[in-house]
Every structure is written in structure tokens, then in C-alpha cells.
Amino acid sequence: MKIAIIGAGISGLSVGCYLQMNGFETEIYEKNIHPGGLCASWKRGDFTFDGCLQWVMGSDSGSPFYGLWNELIDMPSVEFVNHDVRMDIELAVNSDRHGNKVFHLYTNINRLESYMLDIAPEDALLIKGFIGVMRTMKHYEMPPMLDNIPELQPLRKKMAMITYLPLVWQYLKWKNQTNLTFARKLSNPFLKEAFELLYDGDEQKLLILTMPLSVFDKKSAGYPIGGSMKFISHIATRYGSLGGSIHYNSPVKRIITNGSAVRGVLLENGTEAHADLVISAADWHYTVFEALEGKFVNQKILELAKNTKPKVYPSVFMVLLGVNKTYKEQPHLIKFPVESPALSPDGTEYRRMELHFYHYDPALAPKDKTIIAASLYTNNSEYWINLRAGDYDQYIKSKTQFAELILDQLDKKIPGLRQSVEVMDVVTPATYHRYTNNWMGSVQGWMPGKDILAASPVDMTLPGLSGFYFCGHWTVPGGGLPPSLKSSRDLAQRICLKNKKRFRIR
Ligand SMILES: Cc1cc2nc3c(=O)[nH]c(=O)nc-3n(C[C@H](O)[C@H](O)[C@H](O)COP(=O)(O)OP(=O)(O)OC[C@H]3O[C@@H](n4cnc5c(N)ncnc54)[C@H](O)[C@@H]3O)c2cc1C
């Protein structure tokens, strides 16, 4: 059976590997000249800029996700860095009782607990509750790894759900709590402000914070030295060694159908490639409305395309700097208030900034130098995408001017920074969109909805179409590498089951 896969991101590569392991003949069609999709890093002069990875869940050998990664990558050969502090949040108004304005979000739960209790003994009960969720969570696989293919769930696995009851209890207790509702309950002004600013003033479910923190505590959300492209290239190499072939520089224009059956893919260059099965590991919106011309939709899909509920993840405007200092004295990730709000041409006003120092990865910069990245998330990505398409010169002017404004702000925070810059690069939502096709430049597919454990809004198949499947981050709200890997593995298992093959890993 011949299978055509669209996209050589983590999902296309992973599903390709598992299918090759199980005797299917697969070919990947990728629009770019290298693999990775959103999981990208690139060279500028002597520097390697990373536009993606900060952490990969499953980096510790005790974690079930490590087992999955190890099926595709020789994990012991990958060096991971684990940070003691997830991020430093500089407050605008309050100081703690020692006069410090910075809240340290420690990755070690015990340390975080004693730090918070020291700052705010009057909030002991609330702090213990918050820490308690993470203590419970750290005993479980996050997210639960039970197969989400009903046919593959033996009774034993269903029974295992009983062991999840303490987690379910915590989940029900905390599912509606947000950083802002929690902040309102706190009495200590410093801690209150810290929780208000966890998401730069935005409101998010607290579980979105506690879930990864419980994994950081286990040192199982490390950063892979060498960055995104190095990590992804392990899987691309594995796919090749399993006999798979990747056609780079081969954008797919259409998925060829005959009535209700898939027949293959048509490339932009006019080449037709026959296939018995087509898997889209590329963007959901592009696949449904461009590659399949909106012919296989139902009411649910049309509602999703309105981007009301759930919404897509924001995109990001990034200013990347190659600098001639290491800035080792700086924490690896800081969030801080800016002197005067920075107004983006897309209309977003930034009163705070997020700055990432990559001094812990010597592979990205020459000796005594490093990479710094400012990330400015935006829900107005269409502004950049439309501007680039409609007026390229103005787009370049706007992004350069805004990047310079950001650099001015950063220079005020870290005096002398501007002078230390050797190379600067700017990434906009239009870059992510153009490079990967992700709808609205979304960095992780759908935002998790009200119920963060809810099933995906997107099915792996489309109504009225046979021989077609989706996998990848658009099939798992919240996205990210590990869920993309898992969705791809699940799909390979499902295809094996349908073809009466025993799923094998080799
Ligand atoms: C700034 C940023 C930070 C992130 N940080 C993290 C992190 O720290 N940890 C983490 O786990 N995740 C992180 N993510 C999310 C993670 O990168 C994504 O969820 C994941 O890479 C999605 O992989 P995918 O293969 O499903 O999709 P994609 O990466 O979008 O891959 C789709 C592929 O399909 C190709 N394609 C699209 N259209 C076509 C076409 N018509 N023809 C041929 N090919 C096509 C694209 O070029 C691309 O290669 C981050 C993402 C961003 C942008």
C-alpha cells in the first residue's frame, strides 16, 4: 500500500517512521527545503536562531513519553538542560518582604512551596492547595497516555483509569480556576501581582501552568542542546534509514479525489503522485479548504473555520539577536514591564516583554557570545499576513521599525544591549504562515478550550472521504511536540489495525 504524507514536521516524520516500521511504503511531500515545520532553527552568520523549542516533555528516562521518543531517536545521545527556574517575573508595583521585585517560578515544587510560604505566610492554605495539585499531577503521565483509539483499549487499560481518580478529583476542583481568580483570593500583594502577571495580564486556566510545572519538577521537560533543527533531524534521519523518502521543495497543491475516494496528491509543479492513502500532517485549514477545496465538510467543520470556539493559538512576533556577550548573569527567561507601552502596527499594545537568553546552549553561538529572543504574542496575525501579501515593501518597513522599537525597549532594560548586537533577525506571524502554512500563523494549533482535557475538535478523518487521515498538532488542542508525536503514532496504529497488521516498533 502506497501512502503519501503531506508535511515533514514532527508529525509527518513520526507517522512516516511508524508506517515504514510496519511495512507500508510512504513518501513525504514537504514544501520547504528541510524538515521541521514549526520546529525550526536557522543560521544567520555564526549564530543559530531558534524559532521554537524551549522544552520537550519526556526528556527524562523515567517518563513514558521518553519511551515514545526513544522509539524514534537514540534518546541517551541527546543532551538536555533542565532549568531551576521556569521563568522570572518582574513585577511593576509590589516587592516581596525582602525588597525584591522579581517572582521566581521555581521548577522544583518543594522549593517553590517554601519560597511562596516565605513570601506570603498569610496565604499558606491557598499556596498548599496550589502546590498540592502539582504533587498529585507529578505521579501521573501528563497528558494521560492511554491509547485514544477505542479498539486498542483492552480492559486492563480501561481499569487503569481507576488509578487516575485522585487526579480527576484535583482536576474537577481546579478546572475553572484561572490565574486571575486565584490572584483575587490571595492576600499578599506581591503574590497577587505575580499571579496576575503570569500571562502578562491575560487570563489562563491554572491547570495550563500546573500541568507542565509538575513535569518540570521531575526534570522531564528539558531543552535539547543544539535546538529545534538538531532535534528534528534525528527523526528525519531515522525516517530515511527506515526506507522512507522525503521530497523537499514539493508543495502539495491538491489532494486528488475521485468521488469519495482519495487517489493521491498533485504538486504545485504539476506532478501527480498516486497513493492509496493520503495523510495530512500539515495545517488543518489549508488541507480542508485548499487542498480539498472545501468539498468534504460538515457543520462542525464550518463552525471551526469561523475561529470562534475554540480559537487558534496566538502567533508571535520575534526579535532574535546574536550578541557578542554571554549575559550569563541573566536568568534564561524573564518577563518584565516596559517603560512605555510598545504599540505594534497590528494594534497590539505591549506593556510587558518576554526575553529569552540562550546562554545555556553553547551550540547556538560562538564562544563568549549568545542568542537572545524577545517574543511578542499576538492575536492579530492576519494584519502581518495580509500586509506581506498586499504591500511587501510596507511589510518590511513595518516589521523593521517595530523591531527597532522593541530593541530600544530592551536596551533600556539591559543597558548596552544594542551595542552588543552582531546579527538581528525578525520573525512575524507572516513568516510562520508562509513557511509552514499554519492557519493565522498559529504556533500550536487550537487553544485548549474551557475543558482542557476535552477531546480534539478535529477528527482524524473527513466526512464523505475515504483513504484520508489527519495527524499532528491540529488534532490535539494545545499542540506541542509530544502530542504531535502521539497523534502520529496513534494514527499509524489505527492504519495497522485497519489493515490487520500487528503494530510493530523496530
Ligand atoms: C515559537 C514557538 C515555540 C514553541 N515551543 C514549543 C516547545 O517549547 N515545546 C513543544 O513541545 N512545542 C513547542 N512549539 C509547538 C511545536 O513546534 C508544534 O506544535 C509542532 O512542531 C507541530 O508539528 P506538526 O508537524 O504537527 O506541524 P508543523 O510543524 O506545522 O508541520 C507541518 C509541515 O507541513 C508542511 N506543509 C504545509 N503545507 C504544505 C503543503 N501544501 N505541501 C507540502 N508541505 C506542506 C510545512 O512546511 C511543515 O513542514 C512551539 C512552536 C512555536 C512556533
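Read-outs throughout are calculated quantities, based only on the coordinates presented, and are distinct from any laboratory measurement. Just so it is clear, the model here is predicted, and its values are computed rather than measured. Neighbour counts run over all protein chains shown; Cβ positions are idealised from the backbone, glycine included.
Shape call for region 37-149 from the C-alpha gyration tensor, a ≥ b ≥ c root eigenvalues: rounded (a/c under 1.5), prolate (a/b greater than b/c) or oblate? Present the calculation step by step, with values, prior to reporting the outcome.
Details: a/c = 2.83, a/b = 1.40, b/c = 2.03.
It is oblate, given that a/c is not under 1.5 and a/b is not larger than b/c.
In the chain, taking the dipole from charged Cβ atoms about the Cα centre, the farthest positive-side position among Gly67, Gly445, Ile6 is held by Gly67. Rounded to the nearest Å, what's the spacing between the alpha carbon centres of region 323-397 and region 16-87? Just the number, please. Cα centres, region 323-397 to region 16-87: 23 Å. Annotation: amide H-H contacts under 5 Å for Arg86 (H modelled 1.01 Å from N, sequence separation of 5 or more, or interchain): Leu105, Tyr106, Thr107.
Scanning the chain for helices, which whole DSSP H stretches are 18 Å or more long along the axis (Cα) and average 1.0 or more by Kyte-Doolittle? Please report the intermediate quantities before stating the final value.
On the way: long enough: 124-137 (20 Å, 1.38); 227-241 (22 Å, -0.09); 392-413 (32 Å, -0.87); 481-498 (26 Å, -0.30).
Membrane-span-like by this criterion, though nothing is claimed about a membrane: 124-137.
At full extension, Ile505 and Asn258 could sit 85.6 nm farther apart than now, given 0.36 nm per residue minus the alpha carbon distance.
Please work out the ratio of the alpha-carbon Rg of region 394-472 to 2.2 N^0.38 Å and round it to two decimals. Display every interim value, and only then the final one.
On the way: Rg = 19.9 Å, N = 79, 2.2 N^0.38 = 11.6 Å.
Taking the Cα Rg and dividing by 2.2 N^0.38 Å, one obtains 1.72.
Peptides 178-189, 52-63, ordered by how many other C-beta atoms sit within 10 Å of their residues on average, highest first, read 52-63, 178-189. Working from the Cα coordinates of region 243-363, the gyration tensor eigenvalues give, after taking √(5λ), semi-axes of 42, 23, 12 Å in decreasing order.
Once the convex hull of all Cα atoms in the chain is built, its volume per residue stands at 151 Å³.
Only the Cβ atoms of Lys and Arg (+1) and of Asp and Glu (-1) were treated as charged; on that basis the dipole of the chain about its Cα centre amounts to roughly 1440 debye.
Can you figure out the FRET efficiency of Ala92 with Lys2, using R₀ = 51 Å and their beta-carbon distance, to the nearest 0.05? Please report the intermediate quantities before stating the final value.
Working: r = 59 Å, r/R0 = 1.15.
Using R0 = 51 Å, I get an efficiency of 0.30.
Positive-end ranking of Asn379, Gly472, Leu462 along the dipole of region 366-496, with charges on Cβ about the Cα centre, is headed by Gly472. Fully extending the segment from Lys128 to Arg184, taken as 0.36 nm per residue of separation minus the present Cα-Cα distance, adds 18.5 nm.
Take the Cα of Asp202, step 7 Å toward its Cβ, do the same at Arg111, and the gap between the two points is 2.7 nm.
Checking the Cα-Cα distances for Lys138/Lys325; Lys192/Lys335; Lys128/Lys309; Lys173/Lys300; Lys328/Lys412 against a 26 Å cut-off, the pairs over it are Lys138/Lys325; Lys128/Lys309; Lys173/Lys300.
Given +1 at the Cβ of Lys and Arg, -1 at the Cβ of Asp and Glu and no other charges, the dipole of region 228-284 around its Cα centre is 140 debye to the nearest 20.
Its relative contact order, with pairs defined as Cα atoms under 8 Å and 6+ residues apart, puts the chain at 22 percent. The translational diffusion coefficient of region 315-440, from Stokes-Einstein at 20 °C and 1.002 mPa s with a Kirkwood hydrodynamic radius over alpha carbon pairs, comes to 142 µm²/s.
According to the square roots a ≥ b ≥ c of the eigenvalues of the Cα gyration tensor, what is the shape class of region 373-412, taking rounded for a/c under 1.5, prolate for a/b larger than b/c otherwise, and oblate for the remainder? Kindly include the intermediate steps, with their values, before the conclusion.
Working: a/c = 3.82, a/b = 1.63, b/c = 2.35.
Note, shape of region 373-412 comes out oblate.
Sorted on the mean count of surrounding Cβ atoms within 10 Å across their residues, most packed first, peptides 307-319, 358-370 read 307-319, 358-370.
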